[in-house]
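In what follows, a single structure is set out as structure tokens and then discussed.
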Amino acid sequence: MESPVQLVEGTTSKKVFWSALGAGILTLALLLVSFGVSGVAYAVPIAGVGDFYVEFDKLVGTGYTFYPKMGETGTSDSAPQGTNLIENLTIDNLQLYKDFKVGGEWIRVKIAASKPVQISGLQHDADLIEADAKFQNLVVQEKHSDDWQKQFKQTSSTIVLEHAKLKTHYLFQKTINMNGMKLTVEKINK
């Protein structure tokens, strides 16, 4: 006779979670203070935390390149995405956030900037971009290759995105100047 299966519900230790989150926020604060003196951070990657979202009112950039790729996400080892490269850009009303489920509650960790953000050397991988877009000198180029990720590329001298929301999986900036930055952690309803 088979023994009955007993279901066990997992829980998250709130003490461990809040301690780890606090340590992470403290580390982030120390990093921000260290570059706050000069106002510039160098080589800032954000990856490995799963899907996160970037929203802003307006982005104006120069030296834009887009190409398709397969990349890691918070739920898959390999999923279709697009890589966006922008040499220099300015973003108005930047908001970057990630939602986490802790026990039975949702929290949002959010970084926002009340002043324009200047970035150089941006690499951004996303599977969703919703925006009003304008390009100058737009070139869409196909190449013969057995590798589908090398068959298509889009470039433009300038890009303008307005009223944008992006579902992001990887974000890297060579330098970022984020005056008026605010970090918040809050409970949300989903």
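FYI, it's all coordinate maths here, none of it is from the lab. Note that this is a predicted model, so its numbers are computed, not measured. Note that each Cβ is placed from the backbone with ideal geometry, even for glycine, and that neighbours are counted across all protein chains shown.
Values computed for the structure shown
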quantity: Spin-label proximity, residue 135 to the stretch 81-98 - amide N less than 19 Å from point 7 Å beyond Cα toward beta carbon; calculated: 81-90
quantity: Violating pairs (Cα-Cα greater than 26 angstrom) within the set 134/187; 101/165; 69/143; 134/165; 58/101; calculated: 134/187; 58/101
quantity: Summed residue charge, Cβ within 14 Å of residue 121's Cβ, Lys/Arg positive, Asp/Glu negative; calculated: 0
quantity: Computed FRET value (nearest 0.05) for residue 145 with residue 167, which takes r as the C-beta separation and R₀ as 25 Å; calculated: 0.40
quantity: Spacing of the two label points (7 Å from each Cα toward its C-beta) at residue 153 and residue 106, in nm; calculated: 4.0 nm
quantity: Local electrostatic count at residue 57 - Lys and Arg +1, Asp and Glu -1, tallied over other residues with Cβ under 15 Å; calculated: -1
quantity: Overall dimensions of the stretch 40-188 as given by Cα atoms, namely Rg and Dmax in Å; calculated: 15.9, 51
quantity: Residue 85-residue 190 pseudo-label distance in nm [points 7 Å out on the Cα-to-Cβ vector]; calculated: 3.5 nm
quantity: Set of the stretch 74-94 residues, backbone N closer than 14 Å to the point 7 Å along the Cα-Cβ line of residue 127; calculated: 74-83
